[in-house]
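These notes are about the structure you will find just below.
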Amino acid sequence: MQRHFKGFLHGLGGLAVASAAASAAPSVDGTVDAVYGPALAVQAVGTQFGNNTNPAVNINNGSELNAAYGIVDGGFLYVTLTGNLESNFNKLDIFIDSVSGGQNKLRGDNPDVDFNGLNRMGDDGSGNGLRFDAGFESDYFLTTTGGNVGGTDFKFFANFAETLTGGGGVGGFIGESAANGTVLNGSNGIVIGYNLSNVLGVGAFGNPNDSDPATVATGIEMAIPLSLLGNPTGDIRIAAFVNGGGHDFASNQFMGSLPAGTANLGEPRAIDLSQLPGNQYFTVAVPEPTTLGLLAGALALGLRRRK
């Protein structure tokens, strides 16, 4: 029995090593790591917000979203949206549905973040407001942007907020990158990495693609602590799109993709994504307890019974 028990422990230790190696977290640098696996959504629409031709990692002249990747690992949600964000303070707006409740249609009394940009997309009192697909209820909002400040320094900025079922909640500015930097370390633990060097993927609206958008490997990558998202136990849905500098003019670059041939959507308050074919969101699976966890639990139970 003793020899068998030692053998079990040895096997469990080997499994732990294998499991740790298999679940190596992505490096948050704006580049898709192999650990992500295949894309969760791929762009079907050429961009009307400029097709980037500048291969610099932090400054470019167009905005596009080519594909979406995501995994949950080690207490973090990792997401990469490949493509570009133009260096003119256009916004990448990201809504996250991670727990029960939330907003299917954006209210107008959410936290004031990014010069009240979140509420710029919500109900202005007339009953309008950005509406998501059926089954998507936003719980959290993350937005990032970048541009030239002071004439010589390029920086990225980010804000985060709750979108509670009944409005209100908390949110605010979470930080900025170093001048001409490519990583933003948010005050709430969110890390965002930027590599905007892509010149491939979708082409300008109405033109052929520069390449298969599913093969673009660089863009905006983020690691978000699950504790900020309500410690979700079910799948996480994410809707992301490129918006104008005042959160006031939605592009046609959404993830999940808008239907092929769709032009810029414009006024966010007038958008009803539920009326468009397909889902304008993608889903990241939250893994079930691992085999290692189950074995460890069984081992602990066995040890207690021996006492």
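The values are calculated or read from the model by the stated rules, or taken from the named source; none is laboratory data. Because the structure is a prediction, the values reported are computed rather than measured. So basically every Cβ, Gly included, is an ideal-geometry build from the backbone, and we count neighbours across all protein chains shown. For the accessible areas, the whole protein counts, side chains as well, though only heavy atoms, and no ligand, DNA or RNA atoms are used. Shrake-Rupley method; radii C 1.70, N 1.55, O 1.52, S 1.80 Å.
Annotations
- Restricting 303, 295 to residues that are surrounded by fewer than 12 Cβ atoms within 10 Å (Cβ to Cβ) and either among the hydrophobic types (A, V, I, L, M, F, W, C) or modelled with pLDDT of 95 or more (or both) narrows the list to 303.
- Meets criteria (part of a loop (DSSP other than H, G, I, E, B), out of contact with any His (no Cβ under 7 Å at 6 or more places or on another chain) and of a type outside the set (S, T, N, Q)) for residue 62: yes
- Residue 154 of a type in the set (Phe, Trp, Tyr) and modelled with pLDDT of 95 or more: no
- Residue within segment 272-281 that is open to solvent by less than 40 Å² (accessible area, probe 1.4 Å), at pLDDT 95 or above, acidic (Asp, Glu) and not in a loop (DSSP other than H, G, I, E, B) present: no
- Pair list, Cβ under 7 Å, 6 or more apart: segment 223-247 residue farther than 19 Å from residue 101 by Cβ, other residue open to solvent by less than 10 Å² (accessible area, probe 1.4 Å) and of a type in the set (S, T, N, Q): 241/251; 241/253; 242/63; 242/251; 242/253; 243/251
- The set of residues from segment 43-68 being open to solvent by 10 Å² or more (accessible area, probe 1.4 Å) and among the aliphatic types (A, V, I, L, M) comprises 44, 56, 57, 59.
- Inclusion of residue 71 among residues that are surrounded by fewer than 24 Cβ atoms within 10 Å (Cβ to Cβ), in contact (Cβ under 8 Å) with a residue 60 or more places away in the chain and in a loop (DSSP other than H, G, I, E, B) is not warranted.
- Pair list, Cβ < 7 Å and 6+ apart or interchain, from segment 273-298 residues that are more than 23 Å from residue 253 (Cα to Cα) to residues that are open to solvent by less than 80 Å² (accessible area, probe 1.4 Å) and modelled with pLDDT of 50 or more: 286/72; 286/232; 286/234; 286/236; 287/72
- The set of residues in segment 224-253 being crowded, with 22+ Cβ neighbours inside 10 Å and either polar (S, T, N, Q) or closer than 26 Å to residue 24 by Cα (or both) consists of 224, 236, 237, 238, 239, 240, 243, 251, 252, 253.
- Checking 97, 133, 93, 114 one by one, the residue that is closer than 17 Å to residue 166 by Cα and not polar (S, T, N, Q) is 97 and no other.
- The lone exception for residue 20 - which of (1) at pLDDT below 95; (2) assigned to a loop (DSSP other than H, G, I, E, B); (3) closer than 29 Å to residue 235 by Cβ it fails: (2)
- Residue ID - most open to solvent (accessible area, probe 1.4 Å), chosen from residues in segment 29-39 that are assigned to a loop (DSSP other than H, G, I, E, B) and within 15 Å of residue 219 (Cα to Cα): 29
- Filtering segment 74-91 to residues that are under 23 Å from residue 149 (Cα atoms), open to solvent by less than 10 Å² (accessible area, probe 1.4 Å) and of a type in the set (S, T, N, Q) leaves only 84.
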